[in-house]
1. Name, by its number, the condition in (1) under 30 Å from ARG23 (Cα atoms); (2) assigned to a helix (DSSP H, G or I); (3) of a type in the set (A, V, I, L, M) that does not hold for LEU231.
2. Mind listing whichever residues of the range 274-296 are in contact with a Gly (Cβ under 8 Å, 6 or more places away or on another chain) and either exposed (fewer than 15 other Cβ atoms within 10 Å of the Cβ) or not in a helix (DSSP H, G or I) (or both)?
3. Is it the case that ASP227 is open to solvent by 40 Å² or more (accessible area, probe 1.4 Å), in contact with a strand residue (DSSP E or B) (Cβ under 6 Å, 6 or more places away or on another chain) and either acidic (Asp, Glu) or within 20 Å of PHE10 (Cβ to Cβ) (or both)?
4. Identify, from the list GLU67, GLU28, the residue that is charged (D, E, K, R), within 22 Å of HIS220 (Cα to Cα) and open to solvent by 10 Å² or more (accessible area, probe 1.4 Å).
5. Applying the selection to the range 1-25, what residues are farther than 17 Å from ALA66 by Cα and either open to solvent by 30 Å² or more (accessible area, probe 1.4 Å) or without any contact (Cβ under 8 Å) to a residue 12 or more places away in the chain (or both)?
6. Just to confirm my filter: which strands (runs of 3 or more DSSP E) fall fully inside the range 1-87 and include at least 3 residues that are among the basic types (Lys, Arg)?
7. Determine if the range 125-137 includes at least one residue that is assigned to a loop (DSSP other than H, G, I, E, B), more than 19 Å from HIS197 (Cα to Cα) and open to solvent by 10 Å² or more (accessible area, probe 1.4 Å).
8. From the list GLU164, GLU233, GLU154, GLU206, pick out the single residue that is modelled with pLDDT under 95 and either within 28 Å of GLY291 (Cβ to Cβ) or open to solvent by less than 60 Å² (accessible area, probe 1.4 Å) (or both).
Amino acid sequence: MKLGLLTAPFPDTALGEVADWARSVGFEALEIACWPKASGASRRYAGTSHIDAAGTSATQAKDIAAELAGKGLTISGLGFYPNPLHPDRAHREAVIDHLKKVIVLASRMGVSLVNTFCGGDASKTIDANWQDAQRVWPEIIAHAREHGVKLAFENCPMIFSYDEWPGGHNIAYSPYIWRRILDAWGVDIGMNFDPSHLVWQMIDKERFIREFGQHMLHVHAKDLMIDHDGLYERGILSGGIGWQVPRMPGLGDINWSSIFSGLYRAGYDGPVIIEHEDRRFEGSDEKVKRGFLLARDVLRPFVK
């Protein structure tokens, strides 16, 4: 295993500087955020473009990969997490077009994995969304296969705000759909596993790893705390809004010893990438770095 971080919380810091800092404090891998180069508002922890997939040549891509390798860092994957099943056709086509560019970029860099979302229309049932996914994804999967790249869906429901309620913006969150995904596309698609999303859904984390561990291509290390006062106030039908609180590993409700025990038993030996979404450690690069260092110290004993 190698311990690293997702670069998304450093939107205004050049990739080379992020890499230098990460290596200097003992990280071994980076998942590089590759949203489109654009201005305007984006959701929290999204929109960072550390490599411009639309404007990076094949030569430049190879040079970036070589530079990071020269710093002693592995690229765990390229990350772009949009909604390819968005109900607005123009939006859906735009994000799929960029996702395809990220896939090409990964191929040029010699990176074998792109992390993303399956997507979802929050107004539709999960079964109706699955029908949409079967129409949308085969072309994207074929594109990735042609470029020698695998795709990893994160198991996040994407329900953090009322514009995502009640169904969320990503259906690849539960065993119910993951079995379908793997039956349909398991040769080309695996999981970017984040245990934090199982906590508030009350899905058994250890059982989930036992069932799907062999299909995990990438792991996000993020913790989550349930705010029980918020849960009392809003109830479970709020979909976690107001009571699921992302935290740095070690500050939430996850038993990391149990998670790593399950991963090792499942044979997982890939990257473990810290995903920073903790409001207690944001507002400046120094606070973000402090959060990453705290998580590093919690996780390092398990990553060998």
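1. (1)
2. ILE274, HIS276, ASP278, ARG280, GLU282
3. Criteria met by ASP227.
4. Testing whether each residue is charged (D, E, K, R), within 22 Å of HIS220 (Cα to Cα) and open to solvent by 10 Å² or more (accessible area, probe 1.4 Å) leaves just GLU28.
5. Across the range 1-25, the qualifying residues are LYS2, PRO11, ASP12, TRP21, SER24, VAL25.
6. Counting at least 3 such residues, we get no strands (runs of 3 or more DSSP E) at all.
7. yes
8. Testing whether each residue is modelled with pLDDT under 95 and either within 28 Å of GLY291 (Cβ to Cβ) or open to solvent by less than 60 Å² (accessible area, probe 1.4 Å) (or both) leaves just GLU164.
The values are calculated or read from the model by the stated rules, or taken from the named source; none is laboratory data. Source: prediction; values computed, not measured. In this analysis, Cβ positions are derived from the backbone assuming ideal geometry, glycine residues included, and neighbour counts consider all displayed protein chains. The area values use the complete protein model at the heavy-atom level, side chains included, leaving out ligands, DNA and RNA. Shrake-Rupley method; radii C 1.70, N 1.55, O 1.52, S 1.80 Å.
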